[in-house]
Amino acid sequence: MDVLELTRLQFAVVTIYHYFFVPLSISLAGTAAGLQLAWLRTGQERYLQLTKLVGKLLIVTFAVGVVTGLVQEFQFGMGWSNFARFYGDVFGPTLAIEGMLAFFLEATFLALWYFGWDRLPRKLHAATIVIVAAGTVMSAFIILAANSFMQNPVAYSLDPVTGRAHLDDFGALLLNKVNLAAFPHTLAGAVMAGGSLLLAIGVWRLRAGGEAAFRTLARLGAWLTLTGGALTALTGDHLGKVITEVQPMKMAAAEALYATTTGAPFSVFAVGGPDGGEPFFSLEIPRLLSILAKGNPGATVQGIDDLQAQYAAQFGPGSYIPMIPVAFWTFRLMIGIGMLAAAVAAYYLWSTRRDRQAHRLLIRFLPLIPILPAAANTFGWIFTETARQPWLAFGISRVADGISPGLTRGEVLVSLIGFAVVYGILAVVWLRLVRHLSRQPLEAAAPAASAGEQAPEREPVPVY
């Protein structure tokens, strides 16, 4: 591998690892806020117990996510300084605001929430975790605006002398059509990720004879996973149409569609040659690609060959075709694994209705369900970024032009190995902490009421 390939691999490792924790943080923050508000409204102790458990899981996940996120942002300076030099005026505000949200808003109010039990009035204390949840959502929206610029550059102008990009309209950057479509899709995937973790913990503790509140946790996690899966499908359909509009090559690569086709089919499974050419066997659903791409079963979808000729005439000689096998299979794995996670959650809800017990085989393997949304999210981002190649920012900057000058293979390789080792250690630490927190008995005592407040009456913990 040359310097460019190693640098791309390094960025991929850092980004994929970081994104394991981002959707979990978003979902756990919202769930903790919802549970605490439910406790305030009902006074039922199980909601307080689950609030504290989910909040502790959030703190551990948030800590790892912030650290790895900083490294990801530094990657632009370490490995992609040419891109940062020319487009830093556009990226700078989004990265700065996202950093301030993570450190000054989310981290501050998360600390207030953690140390505020028994010290803050209950409603004010609940407001701190609500602010954390809102901050994670705003942070996701801001950073997705930066990524959406790479998918569909907007709100900028190029200096005719220096060639540097200048930000013309920050509002237009945030309201990029790709961002408006990708943001709800990302949140839906986050709901799936967090829900599956709570489902796994709840089932694991119930299997070990845990408190009845874990049944509530398991079913809540299942509902979140199922709801997130349904919303992911709906928002993904809209995102696919937007991507087809701004990056038609990406959708063509997702289907390995070489010839422009009217009423294009969608291949559920296909086998192609080793060079990534047209498949010689394919199991197809007629007209589905036209529906996914343009919402019309009779719509015409541009093929790879025609788009390659168009881009060569527009941008100059060269190959504008991404890695077709990677785009083809990551797109299907994203959809298939996400649907499987939602289906498993739905089956758990159905099998445990009316206090029934789930099948033993299902209970045995459910603790592994968090792997499914994590894999689906990962394959989705791999598809999003690799199917944009060879562009770093579509239509204006190629990947080969954005790398830092003077980098050597040795430098990149050493840093790549270093990141991989440190991240591997962090993964083990995070897993052990999550397991430790999940094994602890739920806290039984509600915090004492602040002055002037009356503690809500405790109620027996119902099982449902």
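First compute the accessible area of the chain with a 1.4 Å probe, then give the percent of it belonging to carbon and sulfur atoms.
C and S atoms contribute 67 percent here.
Would you grab the residues whose amide H sits under 5 Å from the one on residue 388? Only those 5+ places off in sequence or on another chain, please, with H modelled 1.01 Å from N.
For residue 388, whose amide H was placed from the backbone, there are no distant partners under 5 Å.
With all protein chains present and a 1.4 Å probe, how do 220, 197 order by accessible area, largest first?
If we order 220, 197 from most to least accessible, we get 220, 197.
Report ³J(HN,Hα) in whole Hz for each residue of the stretch 373-384, in order, from the Karplus equation J = 6.51 cos²θ - 1.76 cosθ + 1.60 where θ = phi - 60°; Gly and Pro get x.
With the stated coefficients, the stretch 373-384 comes to x, 4, 5, 4, 4, 5, 4, x, 6, 4, 4, 4 Hz.
Under the rule of -39500 (n - 2.57) per DSSP H run of 4 or more residues, summed and divided by the residues of the chain, what mean residue ellipticity at 222 nm is obtained, to the nearest 500 deg cm²/dmol?
Using -39500 (n - 2.57) per qualifying helix, the result is -23000 deg cm²/dmol.
Which ³J(HN,Hα) values, rounded to whole Hz and listed in residue order, are derived for the stretch 306-314 from phi using the Karplus coefficients 6.51, -1.76 and 1.60 in 6.51 cos²θ - 1.76 cosθ + 1.60 with θ = phi - 60°, glycine and proline given as x?
Listing the rounded values in order: 5, 5, 4, 5, 5, 5, 4, 6, 7 Hz.
Would you grab the residues whose amide H sits under 5 Å from the one on residue 268? Only those 5+ places off in sequence or on another chain, please, with H modelled 1.01 Å from N.
So residue 268 has HN proximity to 283, 284, 285.
First obtain the Kirkwood hydrodynamic radius of the chain from its Cα pairs, then insert it into the Stokes-Einstein equation at 10 °C and 1.306 mPa s, and state the resulting D in µm² per second as a whole number.
Diffusion coefficient, whole number: 67 µm²/s.
At 1.4 Å probe size, put 120, 433 in order of accessible surface, largest to smallest. Let's see the in-between values first.
Details: 120 50, 433 75 Å².
Largest to smallest exposure gives the sequence 433, 120.
Relative to the present Cα-Cα distance, how much length would full extension add between residue 436 and residue 42 at 0.36 nm per residue of separation?
That works out to 139.0 nm of additional length.
Would you calculate the volume per residue, in Å³, of the smallest convex hull containing every Cα atom of the stretch 84-176?
Hull volume over Cα atoms, normalised by residue count, gives 86 Å³.
Taking only the Cα atoms of the stretch 1-62, how large is their convex hull per residue, in Å³?
Taking only Cα atoms, the stretch 1-62 has a hull volume of 56 Å³ per residue.
Where Rh denotes the Kirkwood radius from the mean inverse Cα pair distance, what is Rg over Rh for the stretch 127-176?
Using Cα coordinates only, the ratio equals 1.18.
Name the residue from 387, 408, 26 whose Cα lies farthest towards the positive end of the charge dipole of the chain, charges +1 on Cβ of Lys and Arg and -1 on Cβ of Asp and Glu.
With unit charges placed on the Cβ atoms, the residue in question is 26.
Determine how large the accessible area of residue 396 is when every protein chain is in place; take a 1.4 Å probe and give Å² rounded to the nearest 10.
Accessible area of residue 396: about 50 Å².
Rounded to the nearest whole Å², what accessible area per residue is found for the chain with the 1.4 Å probe? Please report the intermediate quantities before stating the final value.
Working: 21070 Å² over 464 residues.
Result: 45 Å² per residue.
Normalised by the empirical 2.2 N^0.38 Å for globular proteins, what value does the Cα Rg of the stretch 20-172 take?
1.27
May I ask you to evaluate 6.51 cos²θ - 1.76 cosθ + 1.60, the Karplus curve with θ = phi - 60°, for each residue of the stretch 401-414 and list the ³J(HN,Hα) values in order in whole Hz, giving x for glycine and proline?
3J(HN,Hα) across the stretch 401-414, in whole Hz: 8, x, 5, 5, x, x, 5, 10, 4, x, 4, 5, 5, 5.
Taking 2.2 N^0.38 Å as the expected size of a compact globular protein, what ratio does the Cα radius of gyration of the stretch 152-252 give against it, to two decimals? Walk me through the numbers on the way to the answer.
Details: Rg = 20.7 Å, N = 101, 2.2 N^0.38 = 12.7 Å.
In units of the globular-protein estimate, the stretch 152-252 measures up at 1.63.
Please list, ordered by chain and number, the residues whose modelled amide H lies under 5 Å from the amide H of residue 397; skip anything fewer than 5 residues away on the same chain.
392
Under a 1.4 angstrom probe, counting protein chains only, how are 19, 156, 311 ranked by accessible area, largest first?
Order by accessible area, largest first: 156, 19, 311.
The values are calculated or read from the model by the stated rules, or taken from the named source; none is laboratory data. Since we're looking at a predicted model, the values are computed, not measured. We place every Cβ from the backbone using ideal geometry, glycine too, and count neighbours over all the protein chains shown. Side chains included, ligands, DNA and RNA excluded: accessible areas come from the protein's heavy atoms. Shrake-Rupley method; radii C 1.70, N 1.55, O 1.52, S 1.80 Å.
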